[in-house]
Amino acid sequence: MQSVCLYFQVHQPYRLKKYRFFNLGNDHYYYDEYLNKSIVERVAAKCYIPMNNLLLDLIKKYGKEFKVSFSISGLALEQFQEYTPHVLESFKKLADTGNVEFLAETYAHSLSGLHSKEEFARQIQLHQEKIKSLFGQNTQTFRNTELIYSDEIGAQIADLGFKTILTEGAKHILGWKSPNFVYTNAINPRLKVLLRNFRLSDDIAFRFSNQAWSEWPLTTDKFVGWLDKFDKKEQVLNLFMDYETFGEHQWVETGIFEFMRNLPEKIINHPNLKFSTPAEISKEYQPIAPIHVPNTISWADEERDLTAWLGNEIQDEAFDKLYSVEKAMNGCTDPGLQKDWYRLQASDHFYYMCTKWFSDGDVHEYFTPYSSPYEAFINYMNVLSDFHIRLGNFTAKRESEESNNRNMLQQQEDVFEMLQKFTNVKFSELVKAWSVEELSFLYYESNQALRDKILKVIGKKNFKQIQQYRESTQSLSGRELSNYKEKIRQKIVVFN
Amino acid sequence: MKVLMFGWEFPPHITGGLGTASYGLTKGLLKHDVEMIFVVPKAYGDEDQRAVRIVDASDIPVNYKQKNIQEFWNKLTYLEIGSNIRPYIDPEDFAQIHEDVKHSIKEKEHLILGEKYSFSGKYGNNLMEEVARYAMVGASIASQYDFDIIHAHDWLTYMAGIAAKEVSGKPLVVHMHATEYDRAGEDNINTEVFGIEQKGMKEADRVITVSNLTRDIVIKYYDIPAEKVQTVHNAIEPANKTNFEVQRSVKEKVVTFLGRLTFQKGPEYFVEAAKLILDKDENVRFVMAGNGDMFESLIKRVAELKIASKFHFTGFLKGDDVDKMFLLSDVFVMPSVSEPFGLVPLEAMRSNVPVVISKQSGVAEVLKNAIKIDFWDVEGMADAIYGLLHYESLAKMFIKNGVEEVDNLKWEHAALQVKEVYQRVLALKEK
């Protein structure tokens, strides 16, 4: 039996509003809320809701025989929660059927895997937690942003406990080999690698409505006919695509929904074909060989490389500037800053700065809200500059708090040091002027040397009083401590 | 193929972009084996004659009684022209114009005597009179020389082109480098200039515009049939290697405007953008190089905004001073309200200066490595300048790709398109 694996990618970035340099330091809301809301609402109406309903119908009809898998970025989930909660409910219904596998990815749909193992791992964990809390699933399969993959990335994913990863069946890594087998990571053979069959996937995702295409119109019979022609030894047919293919990239008028409504029946009735999720495939099939990917690949553009996001001067500067604060962000507990940190990491921002489309790739133009990559860059850098200012303020504030605490400690030691310099005779005179509370504070907040000194001069009876007092009081706040310290200091000064 | 070409100026005697463009074009045409007779009023004798044979209009004797010219003279409405529409003229030239006026009075007498007469060769108060006389010279030349086609640059030469066509029966191509709408704005159109432009285009067999922006204006406002109008974008001559170095004397970054200080060039938007930037970043200086009728109002505005200590007026720059200014600049801005083409940004890019240009310029149609903004979008302009000054990679990228892009905008390519226009016109004539 050969498995047909349907995997859909769902992502929506937080698009930035026009943010001018003179807003720096004043305006800390970076997003075009109207645009983001209206896009999510539009795509929900055209794609997410009708397609989810269609999948639910199919699952009802075919039960366990029909399965699909999704990855939904954390940023998309956030926007569903914010703008279209009914979409989230609809995905939960799909999750409840048990026929849908949800994959893990980076929370922010980010390029963090290319920059820092720590940030990469943090975001994957964050996404796993989000999937668990919304859909009740423990993720087993990983797919990186834009199917970005290399041997090294795969090895880290294996270390994080994933059993399977998805990536592109790029021609230049496969050579004569077929994408229709299960492979393993070249460094860690425990990680299975599923490769996208880009020809079949793009027949649906890109060519479906192209009337100039020799195979137009694409019918389910024709499509399953192609599947039928594959070598029976082949294991899997991986159809990976953007979920927005349905209804958004290919409009409802193209017949894409009818195609998807009828396809499962043809596949289920075929003697040699069935539907499986990535996790099932990973369990069922023996991998045939390791796949070597020394240089990073992705599913984008003709080149299947990273040049859509990184490589030109402006993309690289923006990327470096973004991650220059990774360390500072680690120590940042401010929820507002954390939110922005993820939203600014979305790969889309770098995609908008791509200058390749000057010569080719109108796909880029279709997706960008900017009129030029330069405008995209300037806008992003302005926002990032403000973000850095805020983070700088936060860090400075925290540091000054810490240094205040240190100063308090310093002053406290000063009091103790002063006391240690007294002779026992003088010290006992001084102690007479103190209340039980003050003595208690002094005894319990000081070091052993001073404690010994205090014990010597006050006698056992008084010590018991101190002990009793201490037991009857709550632990002291920082302000109370410094109040006591100040009182004692004044008394020392007076005594001297 | 031989072309009788009418211009108004030729290097090194240039007051505007027209001379530079017609020079580049003639050089490009030569590479495609097109011969030319280039007529300019008052050749000084030191023009670069490698490219063309320059016929000084002043050298052509005009016989007032020659029949064709007589007819043309009769048809011509003689126009006096007010001083408010002197194109391409700076206040410094006032004195010179005054001289010219005195000249022309004398020359009129010569004309009546049927002798050669001299042109001032500059745009001046007596512009219309010169246009008319140039037309007569045009007819005279057309009857004495042999050529296949006539090519007239800008409205100043259109009457000459029409006259030459009437005398010779050869087809006429007129070249719109600018329109009255660009120069004056919609509300201040000089109807006489407009009339000449329109007449030239109506009489012509083909109209060449320097951009689609200009093409649209020609079709919309001058009522010229679209199929008759073709865009050939201007190009730029390869850079002369500058062998001087300029020492930066200020530590601040420098942002430059270079052009006439007139309505058309939008200098006031540059001033407003400067204010927005200086409010946020004091480490910038703004330079406004040029002269024009808005000079005083701009100075007043700069003072009013209290940015005079960071905003500098240099007056009109030419030759090496322009190159030096570019060497000192970090960003060049061209906020033109209406710019048929706009050569200066290309010169800036050639000197490794990133540019911000208005979308209302013809050059925006051909340039990729430039930030394009609407001229009225002061905030967008300021943001673009700020970005170029603060985010290093952007300027680097523009410099790297910009030089290459400009090097590929060759007159040779533009000239080939012009030659193809000639060929089509001639083929049509034969039918």
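In this structure, does B:S361 turn out to be within 14 Å of chain A (Cβ to nearest Cβ), buried (at least 16 other Cβ atoms within 10 Å of the Cβ) and of a type in the set (S, T, N, Q)?
Working: within 14 Å of chain A (Cβ to nearest Cβ): no; buried (at least 16 other Cβ atoms within 10 Å of the Cβ): yes; of a type in the set (S, T, N, Q): yes.
For B:S361, the condition - within 14 Å of chain A (Cβ to nearest Cβ), buried (at least 16 other Cβ atoms within 10 Å of the Cβ) and of a type in the set (S, T, N, Q) - is not met.
Among the listed residues A:W434, A:W357, identify the single one that is modelled with pLDDT under 80 and either assigned by TED's automatic domain parsing to the domain that holds A:F21 or within 30 Å of B:S393 (Cα to Cα) (or both). Lay out the reasoning, then the answer.
On the way: A:W434 fails: either assigned by TED's automatic domain parsing to the domain that holds A:F21 or within 30 Å of B:S393 (Cα to Cα) (or both).
The unique qualifying residue is A:W357.
Residues to consider are B:I299, B:I236; find the one that is assigned to a loop (DSSP other than H, G, I, E, B) and among the β-branched types (V, I, T).
On the way: B:I299 fails: assigned to a loop (DSSP other than H, G, I, E, B).
Of the residues listed, the single one that is assigned to a loop (DSSP other than H, G, I, E, B) and among the β-branched types (V, I, T) is B:I236.
Pairs needed: first member in the stretch B:379-403, facing chain A (nearest Cβ under 7 Å) and under 14 Å from B:V255 (Cβ atoms); second member anywhere, surrounded by fewer than 22 Cβ atoms within 10 Å (Cβ to Cβ) and of a type outside the set (G, A, S); C-beta distance under 6 Å; at least 6 residues apart or different chains.
Listed pairs, sorted by first residue: B:D383/A:R20.
Within the stretch A:329-350, is even one residue within 25 Å of the chain's Cα centre (by Cα), within 14 Å of another protein chain (Cβ to nearest Cβ) and farther than 30 Å from A:L6 by Cβ?
no
Can you find, within the stretch A:427-457, the residue that is farthest from A:Q490 (Cα to Cα) among those that are free of Cβ contacts under 8 Å to residues at least 24 places away in the same chain and charged (D, E, K, R)?
That would be A:D452.
Can you say whether B:L416 is part of a helix (DSSP H, G or I), among the hydrophobic types (A, V, I, L, M, F, W, C) and at the interface with chain A (Cβ under 9 Å from one of its Cβ atoms), as far as the supplied structure shows?
Values: part of a helix (DSSP H, G or I): yes; among the hydrophobic types (A, V, I, L, M, F, W, C): yes; at the interface with chain A (Cβ under 9 Å from one of its Cβ atoms): no.
So B:L416 fails the test.
Name every residue in the stretch B:114-139 that is over 18 Å from B:F10 (Cβ atoms), at pLDDT below 75 and charged (D, E, K, R), in order of residue number.
B:E115, B:K116, B:E129
Here are the criteria: (1) within 14 Å of chain A (Cβ to nearest Cβ); (2) modelled with pLDDT of 95 or more. Tell me which single one B:F375 does not satisfy.
B:F375 satisfies every listed condition except (1).
Looking at (1) more than 23 Å from A:Q12 (Cα to Cα); (2) assigned by TED's automatic domain parsing to the domain that holds A:K177, find the lone condition where A:D301 falls short.
Checking A:D301 against (1) more than 23 Å from A:Q12 (Cα to Cα); (2) assigned by TED's automatic domain parsing to the domain that holds A:K177, the one that fails is (1).
Select from the stretch B:316-328 the residues that are out of contact with any helix residue (DSSP H, G or I) (no Cβ under 8 Å at 6 or more places or on another chain) and outside any helix (DSSP H, G or I) and write down the one among them that is surrounded by the fewest Cβ atoms within 10 Å (Cβ to Cβ). Before the answer, list the steps.
Here is the first cut: in the stretch B:316-328, the residues out of contact with any helix residue (DSSP H, G or I) (no Cβ under 8 Å at 6 or more places or on another chain) are B:318-321, B:323-325, B:327-328.
Subsequent filtering for residues that are outside any helix (DSSP H, G or I) retains B:318-319.
Working: B:K318: 10, B:G319: 8.
Looking at residues that are out of contact with any helix residue (DSSP H, G or I) (no Cβ under 8 Å at 6 or more places or on another chain) and outside any helix (DSSP H, G or I), I get B:G319.
Scan the stretch B:182-214 residue by residue and report those that are free of Cβ contacts under 8 Å to residues at least 60 places away in the same chain and surrounded by 22 or more Cβ atoms within 10 Å (Cβ to Cβ).
The answer is B:E197, B:G200, B:M201, B:A204, B:V207.
Listed residues A:S133, A:S110; which is farther than 17 Å from A:Y7 by Cβ and touching a residue at least 12 places away in the same chain (Cβ under 8 Å)?
Going through A:S133, A:S110 in turn, the sole match is A:S110.
Any idea which of (1) of a type in the set (A, V, I, L, M); (2) within 9 Å of another protein chain (Cβ to nearest Cβ); (3) farther than 24 Å from B:D182 by Cα is the one B:A370 doesn't satisfy?
Going through (1) of a type in the set (A, V, I, L, M); (2) within 9 Å of another protein chain (Cβ to nearest Cβ); (3) farther than 24 Å from B:D182 by Cα one by one, B:A370 breaks only (3).
How many residues are buried (at least 22 other Cβ atoms within 10 Å of the Cβ) and within 14 Å of chain B (Cβ to nearest Cβ) when one looks only at the stretch A:1-59?
3
Please go through (1) touching a residue at least 60 places away in the same chain (Cβ under 8 Å); (2) away from every other protein chain (no Cβ under 11 Å); (3) over 30 Å from B:Q230 (Cα atoms); (4) aliphatic (A, V, I, L, M) for B:L317 and return the number of the only condition it doesn't satisfy.
Here B:L317 clears every test but (1).
Could you run through the stretch A:312-328 and say how many residues are away from every other protein chain (no Cβ under 14 Å) and touching a residue at least 24 places away in the same chain (Cβ under 8 Å)?
The first filter runs over the stretch A:312-328 and keeps only residues away from every other protein chain (no Cβ under 14 Å), leaving A:323, A:325-328.
In the following step, the residues that additionally are touching a residue at least 24 places away in the same chain (Cβ under 8 Å) were identified as A:323, A:325-326, A:328.
Residues meeting the conditions: 4.
Looking at the stretch A:458-488 only, could you name the residues that are closer than 18 Å to A:K426 by Cβ and either surrounded by fewer than 17 Cβ atoms within 10 Å (Cβ to Cβ) or free of Cβ contacts under 8 Å to residues at least 12 places away in the same chain (or both)? Write out each step before concluding.
Initial filter on the stretch A:458-488 (closer than 18 Å to A:K426 by Cβ): A:458-459, A:462, A:488.
Correct list: A:G459, A:N462.
Conditions first: (1) buried (at least 20 other Cβ atoms within 10 Å of the Cβ); (2) free of Cβ contacts under 8 Å to residues at least 12 places away in the same chain; (3) among the hydrophobic types (A, V, I, L, M, F, W, C). A:F70 passes all but one, so which condition is the exception?
With respect to (1) buried (at least 20 other Cβ atoms within 10 Å of the Cβ); (2) free of Cβ contacts under 8 Å to residues at least 12 places away in the same chain; (3) among the hydrophobic types (A, V, I, L, M, F, W, C), A:F70 is out only on (2).
With respect to B:D293, is the statement that it is charged (D, E, K, R) and within 14 Å of another protein chain (Cβ to nearest Cβ) true? Spell out the reasoning first.
Values: charged (D, E, K, R): yes; within 14 Å of another protein chain (Cβ to nearest Cβ): no.
Taking the combined requirement at face value, the residue does not satisfy it.
Within the stretch B:250-266, does at least one residue satisfy the condition of being free of Cβ contacts under 8 Å to residues at least 60 places away in the same chain, assigned to a helix (DSSP H, G or I), more than 30 Å from B:Q423 (Cα to Cα) and not charged (D, E, K, R)?
No, the stretch B:250-266 contains no residue that is free of Cβ contacts under 8 Å to residues at least 60 places away in the same chain, assigned to a helix (DSSP H, G or I), more than 30 Å from B:Q423 (Cα to Cα) and not charged (D, E, K, R).
Over 30 Å from B:F147 (Cβ atoms), in contact (Cβ under 8 Å) with a residue 60 or more places away in the chain and within 14 Å of chain A (Cβ to nearest Cβ): which single residue out of B:V331, B:V353, B:V344, B:V337 fits that description? First the steps, then the outcome.
Values: B:V353 fails: within 14 Å of chain A (Cβ to nearest Cβ); B:V344 fails: within 14 Å of chain A (Cβ to nearest Cβ); B:V337 fails: within 14 Å of chain A (Cβ to nearest Cβ).
Criteria check complete, one pass: B:V331.
If you take the residues of the stretch A:459-496 that are modelled with pLDDT under 80 and among the β-branched types (V, I, T), which of them is farthest from A:Y444 (Cα to Cα)?
A:V494
Given (1) in contact (Cβ under 8 Å) with a residue 12 or more places away in the chain; (2) over 21 Å from B:K265 (Cα atoms); (3) within 14 Å of chain A (Cβ to nearest Cβ), where does B:K324 come up short, assuming only one miss?
B:K324 satisfies all of (1) in contact (Cβ under 8 Å) with a residue 12 or more places away in the chain; (2) over 21 Å from B:K265 (Cα atoms); (3) within 14 Å of chain A (Cβ to nearest Cβ) except (3).
From the list A:E129, A:E118, A:E152, pick out the single residue that is of a type in the set (D, E) and within 11 Å of the chain's Cα centre (by Cα).
Going through A:E129, A:E118, A:E152 in turn, just one is of a type in the set (D, E) and within 11 Å of the chain's Cα centre (by Cα): A:E129.
The values are calculated or read from the model by the stated rules, or taken from the named source; none is laboratory data. Keep in mind it's a predicted model, so treat the numbers as computed, not measured. Glycine gets a Cβ as well: all are built from the backbone with ideal geometry, and neighbour counts include every protein chain shown.
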